[in-house]
Amino acid sequence: MKRYFWLLCYVWLTPVALAQQKDPAHQHADSVYQQIRKLPEANEKARNLLDLSFFMSDYDSTASLRYIQEAREVLGSTQKQDFYAGLLAFHTASVYFDHHPERAKRDYLRADEHFRKTKDPRADRYRVRLWSSYGALLQREGRSQDYADVILNKSIPMARKIGDSVLTGNNYQNLAAVLMNMKQLDKAEGYYQQAIALLQGNPNAKEERLTVFVNAARNALFQQKYTNARFLLDSASRIVKGWELSPFTAMYYSMEGTYFQKMGLPARAIAHFEKGLQYAQRLRNDYLIHYTPI
């Protein structure tokens, strides 16, 4: 999912104009949508609409479902082909991930069934992603060990098989996060290191690297390894500029605040916490607004 830089412009606005002003996510979606409408080929247009739906699933489920419906209309009878039926089920699951997890799980399994039937090689990458997401839903049910099993036995082997270092690195990071939540901090550190090694040299994985640096810094703070945490946060700081639509931008500033709090520098801690809150509010993300770093 691509994220784009949003330039703040300081202008005089009436109260009505302020009320009508869209947040950055919707501004970005509107801009991308106008570009998608110009695409001449139906299947390409549908895939881009589904990508846009995936992006918006973090911010506006109604808009996200609207893009999926438009993709169906664009595809016509092609939506019955297993690859595209799998895509539609996968992206529908993403919309319901937070609000209707049981529906999301059913859609992920339906997507996997379609992807297993198709010979389209692109399906393998979606299978890696859907099993990672399915496992995350298991973790939300308190089934952390089941989530770890899904990552180890499904997601990572499939990502390795297709030779995708980004997907493999992301799943090492997912596994590390599970272990961190289970308080197995040393094991988590090892998997974070493997994830960083896989993602480090990839110029197309900026947001993935931002994510792993922030999460690994959190693990280091839990371990009270403050030198490691500082190195990881410095690594994240070199990426964070220009990624204001990423939820991990807000989390990065919150983690910086926690670091300075641990260092006994309350003024710097508060400044970073406030900046993280500003980004969360700008994205209108309730989870991030109430996010507690440590």
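The values are calculated or read from the model by the stated rules, or taken from the named source; none is laboratory data. The shown structure was predicted, so the numbers you read here are calculated from the model rather than taken from an experiment. Because the Cβ atoms are built from the backbone with ideal geometry, glycine has one as well, and the counts that use them run over all protein chains shown.
Name the pairs whose Cβ atoms lie under 8 Å apart, with the first residue in region 187-207 and in contact (Cβ under 8 Å) with a residue 40 or more places away in the chain, the second surrounded by 14 or more Cβ atoms within 10 Å (Cβ to Cβ) and assigned to a loop (DSSP other than H, G, I, E, B), and 6 or more positions between them or separate chains?
Every condition considered, the pairs that remain are E207/R3; E207/W243; E207/S246.
Looking at region 210-256, which of its residues are touching a residue at least 40 places away in the same chain (Cβ under 8 Å), outside any helix (DSSP H, G or I) and closer than 22 Å to Y172 by Cα?
S246
Would you check if H99 is without any contact (Cβ under 8 Å) to a residue 40 or more places away in the chain and under 20 Å from Y59 (Cβ atoms)?
yes
Hey, can you tell me all the residues within region 151-168 that are assigned to a helix (DSSP H, G or I), surrounded by fewer than 24 Cβ atoms within 10 Å (Cβ to Cβ) and among the small types (G, A, S)?
Answer for region 151-168, where residues must be assigned to a helix (DSSP H, G or I), surrounded by fewer than 24 Cβ atoms within 10 Å (Cβ to Cβ) and among the small types (G, A, S): just S165.
In region 42-83, which residue that is among the acidic types (D, E) and at pLDDT below 95 is farthest from R122 (Cα to Cα)? Reasoning before the result, please.
As a first pass, look at region 42-83 and keep what is among the acidic types (D, E): 44, 51, 58, 60, 70, 73, 82.
If we keep only those that are at pLDDT below 95 as well, we get 58, 60.
Working: D58: 24, D60: 27 Å.
That would be D60.
From the list A89, A148, exactly one residue is in a helix (DSSP H, G or I), more than 22 Å from S64 (Cα to Cα) and in contact (Cβ under 8 Å) with a residue 24 or more places away in the chain. Which is it? Full working, then the answer.
Details: A89 fails: more than 22 Å from S64 (Cα to Cα).
Only one candidate passes the filter, namely A148.
Return only the number of the condition from (1) closer than 23 Å to K45 by Cβ; (2) of a type outside the set (A, V, I, L, M); (3) surrounded by fewer than 20 Cβ atoms within 10 Å (Cβ to Cβ); (4) touching a residue at least 12 places away in the same chain (Cβ under 8 Å) that K80 does not satisfy.
(4)
Any chance you could count how many residues in region 179-197 are at pLDDT below 95 and either crowded, with 24+ Cβ neighbours inside 10 Å or in contact with a Gly (Cβ under 7 Å, 6 or more places away or on another chain) (or both)?
The qualifying residues number 0.
Hey, can you tell me all the residues within region 60-88 that are touching a His at 6+ places or on another chain (Cβ under 7 Å) and of a type in the set (S, T, Y)?
S61
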